[in-house]
Each structure stands twice: as structure tokens, then as C-alpha cells.
């Protein structure tokens, strides 16, 4: 057993909660290692001192005052809207996740908003302004998938028993 393993088991050994085989291994290591023996002695002294401290006793009126102050403090914390955000960002993992999500959102919105709009294809000149606006929003992948979407909607319509409702994506009702 090495020093790190022994130091992890010293408290369990001193409290008597460690199994006998681990206690023997810790005792064997303590017999040969002065540094771990000193740490075990310090922990044993600390444990003895803590056992000698009398238990704190508060009167009921002290608890009532403490709880009232605690409730007031928690209510004041709850009223401040930015406290949750500050507590969230104090944790490095949350701060990095928030920064990453914000950066992804900024890049995504920037690429969408700064991308030049492709002119709508209008071979016959028959599109109105609303149709041209919708066509600008459609990607080639969506346009290619429309027949499959029409077929899926037709199956869905039959499954719902709503034969009279039109789900045609062409816009005709």
C-alpha cells in the first residue's frame, strides 16, 4: 500500500469503519512511513479534540430569530434577478457552456443574416411578393424533399381519417 492509498483510508481506520484487512494494511504502512504516521497522529488528535467539544445548544427563541433572518435573506436573494445568472456563471463549466452556446448563436445568426439572398427563380414572371419571400427561405434540400413530404402528409391524413382536409404543400386547398 502506498502513501496516497493510506491517507485515503486513515479516517476510516481511525473511526473503525474500515474492514480488518484494510486496517492491517494501513497499520503495516504506518509502521514503515513516518510522514503517514504523523498525519494519522494529527487526525487522531483532531478527532479527540472534536469529541471533547460540548454540543451547541440554542434556545427556541434563538432558532426562531435565526430562521426569520434566513428567510429574509433568501427572499432578498430571490428578488434580485441577476443573482441566479451570476451564480450560474461562477461555475467554470457553466460559464464555458454559456460562452460556447452564445458564440454558436452569434455565428449562426451572423451567417444567416449576412448571407446574400439568392434571387428567386421566376421563369414565367408569375410569382407574387409573398411567394418570392417564401422561395428565398427554402433551401434546395427542402425543395427536393417536398414530394416526399407530400407523400408523408397524405399517409398521415389517411391515418387520421381526415380525408376532406388538404395538406398539399403547393398551397392549393
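Summary table
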item: Where a residue in the range 132-161 is at negative phi and modelled with pLDDT under 70 and its partner, wherever it lies, is exposed (fewer than 10 other Cβ atoms within 10 Å of the Cβ) and assigned to a helix (DSSP H, G or I), with Cβ under 9 Å and at least six apart; result: none
item: Helices (runs of 4 or more DSSP H) lying entirely in the range 36-116 (those with 3 or more residues that are touching a strand residue (DSSP E or B) at 6+ places or on another chain (Cβ under 9 Å)); result: none
item: Yes/no for residue 92 being over 30 Å from residue 26 (Cβ atoms), loosely packed, with under 10 Cβ neighbours inside 10 Å and at pLDDT below 80; result: yes
item: Hits in the range 16-34 (condition: over 39 Å from the mean Cα position of the chain (by Cα) and exposed (fewer than 11 other Cβ atoms within 10 Å of the Cβ)); result: 20, 21, 31, 32, 34
item: Qualifying position, being over 30 Å from residue 139 (Cβ atoms) and in contact with a helix residue (DSSP H, G or I) (Cβ under 6 Å, 6 or more places away or on another chain), among 49, 70, 89; result: 89
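The values are calculated or read from the model by the stated rules, or taken from the named source; none is laboratory data. As the structure is a prediction and not an experimental result, all values here were calculated from the model. Note that we place each Cβ from the backbone using ideal geometry, even for glycine, and neighbour counts take in every protein chain shown.
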